[in-house]
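Notes for the one structure printed next.
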2 protein chains.
Amino acid sequence: MSSDPLGFAPHDHTRCVQSALAEVVRLCAERGVQMTPVRRRTFEILLEEHTAMGAYDVLARLDAEGLGSKPPVAYRALGFLVDQGFAHRIERLNAFIACAHPGADHNPAFMICRTCGTVAEAAAGHGPLGASAALAGFQIEQTVIEAEGLCPLCQTPETAP
Amino acid sequence: MSSDPLGFAPHDHTRCVQSALAEVVRLCAERGVQMTPVRRRTFEILLEEHTAMGAYDVLARLDAEGLGSKPPVAYRALGFLVDQGFAHRIERLNAFIACAHPGADHNPAFMICRTCGTVAEAAAGHGPLGASAALAGFQIEQTVIEAEGLCPLCQTPETAP
DNA sequence: CGCTTCCTGTTATGTTATAACATACATAGT
DNA sequence: ACTATGTATGTTATAACATAACAGGAAGCG
């Protein structure tokens with residue numbers, strides 16, 4: 001597993017795994033929070049798969065490595081990563097994915113291919129809700145923006161997986 | 001139950017229940033699909049509560065009225081309403097809410113108050129994803145746009161429920 | 001009538017998520 | 001060294017959400 005879609009373009013991501021890991025380790029030190037073995041491995045698993053994974057899929061991997069076999073182990077580690085902004089939860093899929101830009105101040109949006117399941121992260125503000133929210137007096141704290149559709153490869157039957 | 005928040009402003013919604021029901025009945029006839037008792041009652045329940053409800057909450061109501069007691073009954077009826085655009089699924093809450101504008105061609109966005117649970121529907125295009133998606137060559141079919149925060153009432157502690 | 005189609009009833013199970021409690025382990029204060 | 005504290009982990013049990021699969025019944029149509 002060294003070549004996989006990021007966004008929707010193939011790339012070698014051995015390097016991005018390394019750099020993302022280094023970055024989150026640095027951020028943890030900076031923030032005074034702990035990057036423990038379970039948390040670290042959970043993050044690595046998400047990075048390696050480079051796609052949205054269910055909590056129980058992550059748990060199966062952790063279990064195979066002797067790092068924990070009960071749901072709370074996975075949910076706690078994933079919760080930590082999400083809280084720190086190192087991973088995101090994809091509501092539509094009830095799944096988690098490593099953040100493409102850990103540490104960056106961003107309110108992410110996602111594009112989910114319904115055919116191949118690839119998930120790409122894009123930048124987004126609070127979206128078109130800003131105006132509506134202001135009008136209604138609603139104070140936005142967080143937004144979920146997820147689009148489902150067809151990625152470039154899956155639009156042409158011949159090239160689809 | 002005759003006065004409840006719509007959007008975030010109190011209103012009498014006896015009338016909107018009536019008109020929404022009449023509208024969906026008309027649309028069903030127009031589309032050649034059936035508005036059966038279970039479906040109709042499910043829609044009415046969502047309209048009456050006028051808030052996001054879990055499938056099992058809806059099921060409990062249906063059961064109390066002798067319309068079905070097993071999960072598939074509720075999920076089928078809710079699925080029908082969502083398919084027809086008469087209700088929406090709120091991914092963040094794993095819940096369902098009656099559509100504020102049945103029949104209208106709209107891609108809805110939602111504002112969810114984390115304190116009182118009120119959900120307001122707002123219009124949205126495909127949001128800020130349009131540009132990113134076009135750039136990536138991603139073909140959007142459907143979007144989920146959900147904001148969580150504080151509604152006007154819950155921003156001032158004295159008036160909060 | 002025999003056929004199809006659509007809706008409903010039911011069983012059983014699968015999937016996702018968390019509450020609650022117990023234990024371990026590091027570090028700081030005395 | 002001792003104990004208090006905070007943080008992380010281990011474990012049990014269960015809650016909450018969702019669907020596969022099959023059986024039966026009512027309506028429409030040749």
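The values are calculated or read from the model by the stated rules, or taken from the named source; none is laboratory data. Values in this document were obtained by computation on a predicted structure and should not be read as measured data. Please note: Cβ atoms are built from the backbone with ideal geometry, for glycine as well, and neighbour counts cover all protein chains shown. These area figures cover heavy atoms from the full protein model, side chains too; ligands, DNA and RNA do not enter into them. Shrake-Rupley method; radii C 1.70, N 1.55, O 1.52, S 1.80 Å.
Any residue that is open to solvent by 20 Å² or more (accessible area, probe 1.4 Å), closer than 30 Å to B:PRO37 by Cβ, within 16 Å of DNA strand D (Cβ to nearest atom) and within 14 Å of chain A (Cβ to nearest Cβ) - is there at least one of those in region B:134-145? The answer is yes; a qualifying residue exists.
Is it the case that A:ASP63 is open to solvent by 60 Å² or more (accessible area, probe 1.4 Å), modelled with pLDDT of 95 or more, more than 14 Å from chain B (Cβ to nearest Cβ) and within 13 Å of DNA strand C (Cβ to nearest atom)? No; evaluated as a whole, the condition is false for this residue. Going through (1) surrounded by fewer than 22 Cβ atoms within 10 Å (Cβ to Cβ); (2) free of Cβ contacts under 8 Å to residues at least 60 places away in the same chain one by one, B:GLY103 falls short only on (2). Being within 16 Å of DNA strand C (Cβ to nearest atom) and among the hydrophobic types (A, V, I, L, M, F, W, C) holds for only one residue in A:CYS113, A:CYS28, and it is A:CYS28. Looking only at region A:128-148, residues that are within 16 Å of B:GLU91 (Cβ to Cβ) and in a strand (DSSP E or B) come to 7 in all.
Which one is modelled with the lowest pLDDT, of the residues in region B:33-51 that are more than 16 Å from DNA strand C (Cβ to nearest atom) and of a type outside the set (Asp, Glu)? This residue is B:HIS50.
Take the conditions (1) open to solvent by 40 Å² or more (accessible area, probe 1.4 Å); (2) within 16 Å of DNA strand D (Cβ to nearest atom); (3) within 11 Å of the chain's Cα centre (by Cα); B:ILE97 misses just one of them, which is (1). Take region B:115-127 and flag every residue that is surrounded by fewer than 19 Cβ atoms within 10 Å (Cβ to Cβ) and assigned to a strand (DSSP E or B). Listed by number, the list holds a single entry, B:ALA123.
Starting from region B:67-80, take each residue that is farther than 15 Å from B:ARG40 by Cβ and list its partners that are within 8 Å of DNA strand D (Cβ to nearest atom), counting only C-beta distances under 6 angstrom and pairs at least six apart or across chains. Hits for this filter: B:TYR75/B:ALA55. Scanning region A:33-60 for residues that are within 23 Å of A:VAL119 (Cβ to Cβ), buried (at least 18 other Cβ atoms within 10 Å of the Cβ) and more than 15 Å from the chain's Cα centre (by Cα) turns up just one, A:LEU59.
On the stretch given as region B:1-32, residues that are at pLDDT below 75, open to solvent by 70 Å² or more (accessible area, probe 1.4 Å) and not in a strand (DSSP E or B) total 1.
Out of A:VAL73, A:VAL82, one residue alone is within 16 Å of DNA strand C (Cβ to nearest atom) and within 14 Å of chain B (Cβ to nearest Cβ). It is A:VAL82.
Between B:GLU65, B:GLU91, the distinction of being of a type in the set (D, E, K, R) and either touching a Cys at 6+ places or on another chain (Cβ under 7 Å) or within 11 Å of DNA strand D (Cβ to nearest atom) (or both) belongs to B:GLU91 only.
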